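Let me begin by presenting the structure, written as structure tokens, before commenting on it.
The values are calculated or read from the model by the stated rules, or taken from the named source; none is laboratory data. Not measured: the values here are computed from a predicted model. No Cβ is skipped: glycine too gets one built from the backbone with ideal geometry, and neighbour counts run over all protein chains shown. For the accessible areas, the whole protein counts, side chains as well, though only heavy atoms, and no ligand, DNA or RNA atoms are used. Shrake-Rupley method; radii C 1.70, N 1.55, O 1.52, S 1.80 Å.
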Amino acid sequence: MEIKKLKLTNFRNYNSLTVEFSPFINFISGDNGEGKTNILEAISILSLGKSFVTSQEINCIKIQEEYAYIEAEINSDKVKKINFVISPLGKKVTLNGKEIKRISELSSKCLTVTFSPKDVRIFKDSPLERRKFINLSLSMLSKTYMNLLKQYNEFIKKRNLLLKQEIDWLYILTLDEQIAPLSYEIVKIRTEFMKNLEMKVKQIYKYFALDESEISLYYKTFIPFESEKKEYVKKFLEIIKQNYESDLKRKSSSKGIHYDDFTFLLNGNDISIIGSQGQNRIASLALKLGLASLVENISNDKPILLLDDVLSELDDYHQQKLVEILKNLGQIFISGNEVNKTFENCVEYKVSNHEVRRITKNG
Ligand SMILES: Nc1ncnc2c1ncn2[C@@H]1O[C@H](COP(=O)(O)OP(=O)(O)O)[C@@H](O)[C@H]1O
Ligand SMILES: [Mg+2]
């Protein structure tokens, strides 16, 4: 899948911008603050309905303007055109000219995987960031997962409300009997996802790493997935019951799959504790490239890769390794101050003065 043409109106520092892109590697060059990340951000919004820069997309509206508008022509079986409006009233999306009811309908249409410098901290960040990674990735890959998670979140909201009202335990138990099998289904999908992702990440980490360390992925969930649903539900209800008193005190649900987490192990030790900066960098890149490869396997379509400022994170050796691996991936947007020798065969788009110019080589 590729973005053929992108149009931005009142988006961040762009008044009005139209650019046609290459289906291969697009190198977005320019000085700091010119608007390189803004272009990648617009593409990520088209894909997930969410920005990887801000949690409030309203910040993308150009200062003193009333709305921001993103439009893209896409080369894919699923969608040809996406229009996205961000205004103080909310977000409005049309796919092939037809408005969609929920933003979540977007996420399986235009698939993207983003790597930005803040991802380097993913293993050291709070578990919330890693849960976001799991949920966003799976929301691209499985409609079933999205629906299950939505139901689960509604149940937990209701449970917390009941805890605040100091309601009789029996009411909560009825709720827990519904939450238990739902948790099983979600953990089943997460476990499968983690297993497949681990295989990809292992390969990619090995490819990049200069040392011999073995990487593995450790999925943390309060009851490890058991193939027997009955067994899982039984254990679930036991643990939840043990926590009822403390839940009542805290007035919130202290145990459950909403606290799931994962980490990478380097030779069996948690990378967030023992990993060097370099190992964290390569591992986080392997995580995202591994996801891209997994998305391709599952959806039968190459996702668009958004690599923001990745080169500043890599030395020459790793840049060379990266460019080799990118050749096998689909459309790529990579931002950086300038195109160096390693990336000289990419199509360059130079950003300056709120404009984007395609640089034609050899005159
Ligand atoms: N809502 C906005 N309205 C106008 N300009 C904005 C807005 N948000 C960010 N900017 C401008 O966008 C520029 C930063 O763009 P960015 O894409 O992050 O640059 P870089 O090229 O370094 O990646 C800054 O000049 C900033 O002032
Ligand atoms: Mg930037």
- If the viscosity is 0.692 mPa s and the temperature 37 °C, what translational diffusion coefficient in µm²/s does Stokes-Einstein give for the range 117-194 when Rh comes from Kirkwood over Cα pairs? 231
- Note on the structure: HN-Hα couplings for the range 277-292 via Karplus (6.51, -1.76, 1.60; θ = phi - 60°), in whole Hz with x for Gly/Pro, come out as 4, x, 5, 4, 4, 5, 5, 5, 5, 4, 4, 6, 5, x, 4, 4
- Mind putting together the pair-distance distribution for the chain? All Cα pairs, 20 Å bins, whole percent per bin, short to long. 27, 54, 19, 1
- Query: For the range 248-293, what size does the Cα cloud have along each of its three principal axes, sorted from largest down, in whole Å?
  - Reply: 44, 27, 17
- Query: Taking amide H positions as placed 1.01 Å from N in the peptide plane, with prolines and chain starts having none, which residues 5 or more places from Val310, or on another chain, fall under 5 Å of its amide H?
  - Reply: Ser335
- Item | Phi-based couplings in Hz for the range 116-127 (Karplus 6.51, -1.76, 1.60; Gly and Pro marked x) | 10, x, 6, 5, 4, 8, 3, 7, 9, 5, 6, x
- Query: Sorted by packing (mean other beta-carbon atoms within 10 Å per residue), highest first, where do 337-346, 286-295 land?
  - Reply: 286-295, 337-346
- Message: Let me check I have the definition right: for the range 118-300, take the eigenvalues of the Cα gyration tensor, multiply each by 5, take square roots. What are those semi-axes in whole Å, largest first?
- Response: 34, 18, 14
- Residue-by-residue Karplus 3J(HN,Hα) for the range 68-73, coefficients 6.51, -1.76, 1.60, Hz, glycine and proline x: 10, 9, 10, 9, 9, 9
- Note on the structure: Expressed as a percent, the accessible surface of the range 118-300 that is carbon or sulfur, using a 1.4 Å probe and the full set of protein chains, is 53
- Listed peptides 92-100, 200-208, 322-330 by packing density, highest first (mean Cβ within 10 Å): 200-208, 322-330, 92-100
- Solvent exposure ordering (accessible area, 1.4 Å, most first) of Met199, Met146, Met194: Met199, Met146, Met194
- Find the centroid of the Cα atoms in the range 34-74 and in the range 178-196, then give the distance between the two in whole Å. 32
- Message: Skipping prolines and chain starts, which residues have an amide H placed within reach, meaning under 5 Å, of the one on Leu111, given they are 5 or more residues away or on another chain?
- Response: Ile304
- Query: Dividing the convex hull volume of the Cα atoms of the range 268-363 by its residue count, what figure in Å³ per residue is obtained?
  - Reply: 140
- Task: List the residues whose amide H sits under 5 Å from the amide H of Val347, counting only those 5 or more places along or on another chain, with H placed 1.01 Å from N in the peptide plane.
- Result: Ile25, Phe27
- Normalised contact order of the chain, rounded percent, pairs of Cα under 8 Å and 6 or more residues apart: 26
- Peptides 154-167, 129-142 ordered by average Cβ neighbours within 10 Å, highest first: 129-142, 154-167
- Item | Label point distance in nm, Glu177-Ile100, each placed 7 Å from Cα along Cα→Cβ | 3.8
- Query: Mean separation of Cα pairs under 8 Å and 6+ residues apart, divided by the residue count of the range 125-269: what relative contact order is that in percent?
  - Reply: 33
- Note on the structure: Taking only the alpha carbons of the range 201-265, the radius of gyration and the largest Cα-Cα distance, Dmax, both in angstrom, are 17.5, 51
